[in-house]
Amino acid sequence: MTSLQKTIKRGASKFGAAFAGIKAGLLYDRSILLQVVLGVITVIVFTLLDISTVEWLFVISAIFIVLITEFLNSAVEDLCDLLIQSYNLHVKEIKDIAAAAVLLAAIYAIIVASVILAGRIL
């Protein structure tokens, strides 16, 4: 097998693992599923509003930032639960910080939506 074939096979394997992670997140984590549903609703609402290309870039970035942080938060929580099975103040702090990242992403998404909606209403 040539070096190029090995590289392509490795790349395909990594994409397979990534898609498996998305599937696992959607199937086993309610927070991720909720964020995906909210993202779909957001796309539908803003499609009806006929927003500009630049506004779409902000909306899409906000949706993906929320989803990315939610996936990372879930991974951090699962890893902490796997490694430490009893209550631990440091684990709580780690989980709280990861959850704060999701909150900040959600605040960004709300700000983006509010600015776009305010431009339509005012």
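The values are calculated or read from the model by the stated rules, or taken from the named source; none is laboratory data. Since the structure is predicted, the reported quantities are computational estimates derived from the model, not experimental observations. Glycine also receives a Cβ, built like all others from the backbone with ideal geometry; neighbour counts cover every protein chain displayed. Heads up: the accessible areas ignore ligands, DNA and RNA and are worked out on the full protein's heavy atoms, side chains in. Shrake-Rupley method; radii C 1.70, N 1.55, O 1.52, S 1.80 Å.
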task: Report, to the nearest whole %, how much of the accessible area of the chain belongs to carbon and sulfur atoms, 1.4 Å probe, protein only.
output: 74 percent
query: Starting at 0 and stepping by 5 Å, how many percent of the alpha carbon pairs of the stretch 1-54 end up in each bin?
result: 4, 16, 13, 13, 12, 12, 13, 9, 6, 2, 0
- request: Starting from the Cα of residue 14, draw a straight line to each of the lysines and keep only those under 19 Å, dropping any in the same chain fewer than 8 residues away.
  value: 6, 23
query: Relative to the Cα centre, what is the charge dipole magnitude of the chain, using +1 at the beta carbon of each Lys and Arg, -1 at the beta carbon of each Asp and Glu, and rounding to the nearest 20 debye?
result: 540 debye
task: Counting only heavy atoms of the protein chains, get the accessible area per residue of the chain (1.4 Å probe) and round it to a whole Å² value.
output: 74 Å²
query: So how long is each side of the stretch 21-78 along the principal axes, counting just the alpha-carbon atoms, biggest first, in Å?
result: 39, 16, 13
task: Answer with one residue from 17, 61, 46: the one whose Cα lies farthest towards the positive end of the charge dipole of the stretch 1-61, charges on Cβ with Lys, Arg +1 and Asp, Glu -1.
output: 17
task: Can you tell me the order of 98-104, 79-85 when each peptide is scored by its average per-residue count of other Cβ atoms within 10 angstrom, highest first?
output: 98-104, 79-85
- prompt: Using the membrane-span-like helix rule (whole DSSP H runs, Cα extent along the own axis of at least 18 Å, mean Kyte-Doolittle hydropathy at least 0.5), which helices of the chain qualify?
  reply: 30-48, 53-83, 89-121
- prompt: Calculated from the structure, Cα extents along the principal axes in Å equals which of [x] 56, 50, 21; [y] 33, 32, 27; [z] 62, 41, 19?
  reply: [x]
task: Considering the options 5, 114, 82, tell which one lies farthest towards the positive end of the dipole of the chain, charges being +1 on Lys and Arg and -1 on Asp and Glu at the Cβ, about the Cα centre.
output: 5
- prompt: How would 19, 71 line up by accessible area, probe 1.4 Å, largest first?
  reply: 19, 71
